[in-house]
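S.K.: Supplied in structure tokens, the structure appears directly below.
The values are calculated or read from the model by the stated rules, or taken from the named source; none is laboratory data. Since this is a predicted model, take the numbers as computed values, not measurements. Cβ placement follows ideal geometry from the backbone for every residue including glycine, while neighbour counts extend to all protein chains displayed.
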Amino acid sequence: MFEMVVVLVVVTLSTALAVPYFSNMFGSNKLMAATDQVKARLTEVRTRAREEGRAYSLVINENSGVFWVKSGPSDGMGNGDGGQKDVAIQDELPRDVVFTRCQAASPDGQDDLNEAANAIVFQPDGTAPNDFLISFKTEGRSVTLRLRGQTGLVTAASEVTEGAR
């Protein structure tokens, strides 16, 4: 009987120690999936703008995981779309991952322009007017991506685990 109690205590302690490790690992996987998804969508938006010769945007809904790929001119007046049908595709980040900001940034990477932006617009030549910082988070971890407006290059600007600063 005593041996069974000891075995149960050991199994319980092992499980209690392992659960935080696995939940942290799953949170990291969600962020990696979200990072890949956003990078792919930004590449898609830029490519569509260049191929179709019209502006395309990635519209981000902060504090949620919802975003859209939309076509059309950046002025919203229907100018310059060449009579092409508008495109609006809704997408969503993995469960429990939410956008926390989308912000214009200076091209030299030294400082933020403190301009909130809910849309990243690519012009028909495939460039965006600014660099952008896009952040999202899940379960105590966050990632910030930097989009280079002139080249379309997307890099991970930072990854932060809460409590490990």
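S.K.: Among the residues of region 119-147, count how many are among the basic types (Lys, Arg) and under 10 Å from Ala104 (Cα atoms).
M.R.: Of the residues in region 119-147, 1 are among the basic types (Lys, Arg) and under 10 Å from Ala104 (Cα atoms).
S.K.: If only one of Asn24, Asn63, Asn29 is at pLDDT below 95 and at positive phi, which one is it?
M.R.: Every option except Asn63 fails the conditions.
S.K.: Same structure, new question: Test Val98 against the criterion of being surrounded by fewer than 18 Cβ atoms within 10 Å (Cβ to Cβ), aliphatic (A, V, I, L, M) and at pLDDT 90 or above, and give yes or no.
M.R.: Taking the combined requirement at face value, the residue satisfies it.
S.K.: Considering only region 34-61, how many residues are closer than 21 Å to Asp96 by Cα and surrounded by fewer than 15 Cβ atoms within 10 Å (Cβ to Cβ)?
M.R.: 2
S.K.: Continuing with this model, one more query. Which members of region 127-144 meet the condition of being closer than 19 Å to Gln103 by Cα and assigned to a loop (DSSP other than H, G, I, E, B)?
M.R.: Thr127, Ala128, Pro129, Asn130
S.K.: Please name all residue pairs, on different chains or six or more residues apart, with Cβ atoms under 6 Å, provided the first residue is in region 149-160 and is under 17 Å from Asp36 (Cα atoms) and the second residue is of a type in the set (Lys, Arg) and in a strand (DSSP E or B).
M.R.: Thr155/Arg146; Ala157/Arg146
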